[in-house]
Amino acid sequence: MVEKSFGRPLKRKEDPALLRGEGRFVDDIHLAGMLHAAFVRSPHAHARIVRVDKRAALAVPGVHAVFVFADLPESVRRQTLPLLMPHPAIKQPFMPYALAKDEVCYAGEPVACVVADSRYLAEDAAQLVEVDYEPLPAVGDCRAAFDKDASPVHAGSESNVAARFPVKVGDTDRAFSGAAHVFREKIYQHRGGAFFIECRGAVASHEAPTGSFTLYAASQGSHRLKRCMLELFDLGDNQVRVITPDVGGGFGPKASFYPEYVDIAAAAMALNRPVKWIEDRRENFLATHQERDQYWDMEIAVDSDAKILGVRGQLIHETGAYVPMGIVLPWITATTVPGPYVIPNYKLDVVSVFTNKIQTTPVRGAGRPEAVVTMERLMDRVARELKLDRAEVRRRNFIRPEQMPYQVGIIFRDGRPVTYDSGDYPACQAAALEASDYEGFKLRQADARAQGRYLGIGVSNTVEATGLGPYESATVRISTNGRIVVYTGATPQGQSHQTTLAQIAADQFGVDIKDVAVVTGDTATVALGIGTFAARTAVNAGSSVHIAATEVAAKAKQIAAGMMECLEDDLELAEGTVRLKSAPDVGKSLREIAVKSIGMLGFSMAGGFPPGLEHTAHFTPEQSVYANGTHVAEVEVDIETGAVSFLRYTAAHDCGRVINPMVVDGQVVGGVAHGVGNALYERMVYDENAQPVSINFGEYLLPLATDVPHVDLVHLETPSPLNPLGLKGAGEGGTIGSIAAIVSAVENALAPFGVTLAEAPVSPQRIVELLGEHALGRTR
Amino acid sequence: MADTRTITVTVNGKAHRREVETRMTLADFLRHELELTGTHVGCEHGVCGACTVLIGGASARACLMLAVQCDGESLTTVEGLSAAEQLNPLQQAFHDNHGLQCGFCTPGMLITLTEFLRDYPAPTETEVREVLSGNLCRCTGYQPIVAAALDAAKRIREGA
């Protein structure tokens, strides 16, 4: 018998090719006659385009064309890139054109596309494109942009508010009026980026006879790109195919649609040659979406036992120059604030504001890390003021497992109430505290202090909406040679779909995962698809694969029963064969059944099964499923240099049933490292004119192998009742919980100096600055 | 007309003679002239390490070198680490320890560690983290890469 695959830490099918240098990333694709594109980008954060002179660039030998807005096809000129998630709260739905028309609104916005025989030549010529700009006032700070006297981010607009909406639960003001304690915190979280190691890129090829495109793109969802291309080029469904090959990390921003894809497609059509564009790292800093600039002004009301009575305040969220994802980020943030705590009254005024900076769209965590930092800062404040242990304050406020399913009282973006499906938050924190020897920390801290060393510990709790709908597609097909293939719209960037989705399908046929091929992110294979982001693929694609494979297995048994003239109940499907339970030697192989299933020319199938040994499923979840976690960070802060080092790190997490524990561990540990960057290192700096100044890895610091902790993992498993396999998402929790825990630990280490923190990241410079005179050794 | 030179470079034991532009980087030469696309380009300013190759046995950033600087040199890239269809002990340790997710930084990690484990066959975890600090990974949090390196060192010492 072949052992069940689900739940086992099987080695990945993806690995061998990637380890031998045989991966196929977008820049590895070479098509005959292919040309190369480079972009002329705005050097100004805000300017009017007065004139573009292409002549010098066009004179460079090997240059084929220079495209500006006026050169784009009519259908591309008459519409902006699509706003994929419209919402009535969006008052000013500004979106960019594929090339800037007459105004540029962030430094790096594409103005012209140069196409040449090589990238070297294209870059030479791009420097010779003369653009006359009339600089306009630029706004780089979202608080300043929100001011009613602020210069407009988009010339002529009345305000810089993209959207504003309230979130209300209960009667918050009344709860505050009778509260024993009210504390106020102003919290700032700074913008960072995904900084996948493979930059963005695409290859567009155009077939003149059919007027059709094939676009290869480093994306997180081929079908959404196809939809955008169809709309922009006004083409039929048959005329665009998007293929996502191996992708070198995504973390959110590769799920967006970008102008460069349109421009190289337009170039490929005009020149009738394939065109490649690979983003370089400088462009990546300028023109790939980022996230996390948020300013919070918050109050928490608690009773004398530190039980939360209410939370209220204002969130100013920076959307950057445009709103490609509408209000997705601030809405997720606002609905993530309550987390695992009972908060009977909650009121938030959410304002999404334009600035002359690259757009913000989801980056690993997608608005949730900010919410968790904010809520956990408030919880630490309560503990400090009431002189209680920080974990104890949290324990007193947890939603109890017997309250599940728990209605938070908030309405989610889809109009449905936020309802936690399952989870045991007190148990999760208790497990994390035990694994991290939280109790023993006081002694460790005291011992260290006696030696002049400063240790701190921090705890954070998260509840994360995962498995967002609407659906993901999966087709399971067994061909007439017996080979099993799974096709899905899910589009991985390292999440191991080849392995995990094969594990789900393999079990239905009693085969090894090597006998199940998984094809992802090719719009020619499945009609619909959403993509891989938002910790949604296990739930959506996993459930669809499970349903489709189950249906195919059932169909195989039905067909075999007819072929063998027996009852289905007498049959079992094992080792790729439908056989008699009573006589395993007697059966029909999947190959034989597949041949039968497609019928034979001239023989009617009327009244029988629909043809083909295949099934397509689109699991459509009723709502999100809620994963949870507790992070405990233990750090040492060098008060002379401000350096923070990790002594221990513990993450307890619950993502429901686990398809492959090795893969889940990898997701959580990797997510923590991203959080380390957001907590301590990553700072995207803009000057007063909204000019980005940290545009390389010397200035923008990613965490290194020497910076990240060894993460001790604790697994809890509360199956979700809302999908057939009991799954929840695992891809983002590591990041969502870690920033708050690390900031809390640093603050705890600096407690002897009275330093409090209300921001992330906290750099060494900032720590030294906050220590001020104390850094010289004069403690209070 | 662009300035060109004719160079001879041996890569993974095979000699290649090509006329190249003097300004072409070694990374672009390997990837686009020799079609050895296993060497990846992640930052083009020498920080991320995805393009790391061995030149005369010493690791170097292929994005920071010109192809013409390698005239007469012998190089090893990720494609040269193991025979076709095989994984060497280091690659196998990456596979067994989930040392890669997207796999884009992996070639650079493997090359860096190939040199390191050759010179330091019994490293500590701290030493492994130190040598890996020149290679960026955004997926794994480095922990499984460190585990893979220590596992590989053990396998190599035991004659795997």
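Can you confirm whether B:Asp119 is of a type in the set (D, E, K, R), more than 9 Å from every other protein chain (Cβ to nearest Cβ) and surrounded by fewer than 20 Cβ atoms within 10 Å (Cβ to Cβ)? Yes; evaluated as a whole, the condition is true for this residue.
Residues in the stretch B:49-86 that are over 13 Å from the mean Cα position of the chain (by Cα), under 18 Å from B:Thr10 (Cβ atoms) and without any contact (Cβ under 8 Å) to a residue 40 or more places away in the chain: how many? Can you show your working first?
Step one: of the stretch B:49-86, the residues over 13 Å from the mean Cα position of the chain (by Cα) are B:64-74, B:83-86.
Adding the requirement that they be under 18 Å from B:Thr10 (Cβ atoms) leaves B:65-74, B:83.
This time we only want the ones that are without any contact (Cβ under 8 Å) to a residue 40 or more places away in the chain, so: B:83.
The qualifying residues number 1.
Determine whether B:Asn97 is touching a Pro at 6+ places or on another chain (Cβ under 7 Å), closer than 23 Å to A:Glu14 by Cα and within 13 Å of chain A (Cβ to nearest Cβ). For B:Asn97, the condition - touching a Pro at 6+ places or on another chain (Cβ under 7 Å), closer than 23 Å to A:Glu14 by Cα and within 13 Å of chain A (Cβ to nearest Cβ) - is met. Just one of the numbered conditions (1) buried (at least 19 other Cβ atoms within 10 Å of the Cβ); (2) touching a strand residue (DSSP E or B) at 6+ places or on another chain (Cβ under 8 Å); (3) within 14 Å of chain B (Cβ to nearest Cβ) is not true of A:Gly666: (2). Filtered by the rule that a residue be more than 14 Å from B:Asn97 (Cβ to Cβ), more than 7 Å from chain A (Cβ to nearest Cβ) and under 17 Å from the mean Cα position of the chain (by Cα), the stretch B:125-145 gives B:Val131, B:Gly134, B:Asn135.
Per the listing A:Val311, A:Val302, A:Val275, the residue uniquely within 28 Å of B:His40 (Cβ to Cβ) and away from chain B (no Cβ under 14 Å) is A:Val275.
Please determine, by comparing only the residues of the stretch A:459-479 that are of a type in the set (S, T, N, Q) and surrounded by 24 or more Cβ atoms within 10 Å (Cβ to Cβ), which one is farthest from A:Ala730 (Cα to Cα). Can you show your working first?
Residues of the stretch A:459-479 that are of a type in the set (S, T, N, Q), as a first pass: A:460-462, A:466, A:473, A:475, A:479.
With surrounded by 24 or more Cβ atoms within 10 Å (Cβ to Cβ) added as a condition, the list becomes A:460-462, A:466, A:473.
On the way: A:Ser460: 17, A:Asn461: 15, A:Thr462: 12, A:Thr466: 8, A:Ser473: 20 Å.
Taking the candidates together, the pick is A:Ser473.
Restricting the search to strands (runs of 3 or more DSSP E) fully inside the stretch A:579-683 and requiring at least 3 residues that are closer than 27 Å to A:His546 by Cα and either in contact (Cβ under 8 Å) with a residue 24 or more places away in the chain or among the acidic types (Asp, Glu) (or both) gives A:587-589, A:614-619, A:625-637. I'm checking my understanding of the structure. Among residues of the stretch B:26-46 that are touching a residue at least 40 places away in the same chain (Cβ under 8 Å) and not hydrophobic (A, V, I, L, M, F, W, C), which one is nearest to the other protein chains (Cβ to nearest Cβ)? Among them, the one singled out is B:Gly38. Among the criteria (1) facing another protein chain (nearest Cβ under 9 Å); (2) under 30 Å from A:Ser151 (Cβ atoms); (3) free of Cβ contacts under 8 Å to residues at least 12 places away in the same chain, the one A:Gly698 does not fulfil is (2).
Hey, can you tell me all the residues within the stretch B:47-67 that are closer than 30 Å to A:Leu31 by Cβ and within 14 Å of chain A (Cβ to nearest Cβ)?
Here is the first cut: in the stretch B:47-67, the ones closer than 30 Å to A:Leu31 by Cβ are B:48-53, B:61-67.
Selection gives B:Cys48, B:Gly49, B:Ala50, B:Cys51, B:Thr52, B:Val53, B:Arg61, B:Ala62, B:Cys63, B:Leu64, B:Leu66, B:Ala67.
Where strands (runs of 3 or more DSSP E) sit wholly within the stretch A:95-186, those with at least 3 residues that are among the charged types (D, E, K, R) and touching a strand residue (DSSP E or B) at 6+ places or on another chain (Cβ under 7 Å) occupy A:130-135.
Name the residue, out of A:Tyr471, A:Tyr454, A:Tyr420, that is out of contact with any Leu (no Cβ under 8 Å at 6 or more places or on another chain) and aromatic (Phe, Trp, Tyr). Can you show your working first?
On the way: A:Tyr471 fails: out of contact with any Leu (no Cβ under 8 Å at 6 or more places or on another chain); A:Tyr454 fails: out of contact with any Leu (no Cβ under 8 Å at 6 or more places or on another chain).
Result: A:Tyr420 is the single residue among A:Tyr471, A:Tyr454, A:Tyr420 that is out of contact with any Leu (no Cβ under 8 Å at 6 or more places or on another chain) and aromatic (Phe, Trp, Tyr).
Per the conditions (1) of a type outside the set (D, E, K, R); (2) surrounded by fewer than 24 Cβ atoms within 10 Å (Cβ to Cβ); (3) in contact with a Gly (Cβ under 9 Å, 6 or more places away or on another chain), the sole criterion not satisfied by A:Val685 is (3). Counting only strands (runs of 3 or more DSSP E) that fall entirely inside the stretch A:11-71 and contain at least 3 residues that are touching a helix residue (DSSP H, G or I) at 6+ places or on another chain (Cβ under 8 Å) and at pLDDT below 95, no element qualifies. Does B:Arg23 qualify as being of a type in the set (D, E, K, R), out of contact with any Ser or Thr (no Cβ under 9 Å at 6 or more places or on another chain) and within 8 Å of chain A (Cβ to nearest Cβ)? Yes, satisfied.
The residue that is nearest to the chain's Cα centre (by Cα), among those in the stretch A:190-234 that are surrounded by 24 or more Cβ atoms within 10 Å (Cβ to Cβ) and of a type in the set (S, T, N, Q), is A:Gln220. Looking only at the stretch A:642-663, residues that are polar (S, T, N, Q) and in contact with a strand residue (DSSP E or B) (Cβ under 9 Å, 6 or more places away or on another chain) come to 2 in all.
Considering only the stretch A:237-264, state which residues are more than 23 Å from B:Thr37 (Cβ to Cβ) and in a helix (DSSP H, G or I). If the condition is that a residue be more than 23 Å from B:Thr37 (Cβ to Cβ) and in a helix (DSSP H, G or I), then A:Asp237, A:Asn238, A:Gln239, A:Pro253, A:Ala255, A:Pro259, A:Val262, A:Asp263 are the ones that fit.
The set of residues in the stretch A:253-280 being surrounded by fewer than 24 Cβ atoms within 10 Å (Cβ to Cβ), under 25 Å from the mean Cα position of the chain (by Cα) and more than 28 Å from A:Ser352 (Cα to Cα) consists of A:Ile278, A:Glu279, A:Asp280.
Consider B:Ser82 carefully, then state whether it is small (Gly, Ala, Ser) and either under 22 Å from A:Val669 (Cβ atoms) or surrounded by 23 or more Cβ atoms within 10 Å (Cβ to Cβ) (or both). Here the answer is no, as B:Ser82 does not meet what is asked.
Inside the stretch A:524-569, can you point out the residues that are of a type in the set (Asp, Glu) and either at positive phi or not in a helix (DSSP H, G or I) (or both)?
Residues of the stretch A:524-569 of a type in the set (Asp, Glu): A:551, A:565, A:568-569.
Hit for the stretch A:524-569 is A:Glu565, nothing else.
Within the stretch A:508-521, the presence of at least one residue that is modelled with pLDDT of 95 or more, over 21 Å from A:Gly7 (Cα atoms) and under 20 Å from the mean Cα position of the chain (by Cα) is confirmed. Close contacts from the stretch A:25-50, counting a first residue that is more than 13 Å from every other protein chain (Cβ to nearest Cβ) and a second that is among the acidic types (Asp, Glu) and assigned to a strand (DSSP E or B), with Cβ to Cβ under 7 Å and a gap of 6+ residues or different chains, come to A:Ala47/A:Glu134; A:Arg48/A:Glu103; A:Arg48/A:Glu134; A:Ile49/A:Glu103; A:Val50/A:Asp132; A:Val50/A:Glu134.
The values are calculated or read from the model by the stated rules, or taken from the named source; none is laboratory data. Everything numeric in this text was worked out from a predicted model, so none of it was measured. A quick note on method: Cβ atoms are made from the backbone with ideal geometry, for glycine too, and the neighbour counts reach across all protein chains shown.
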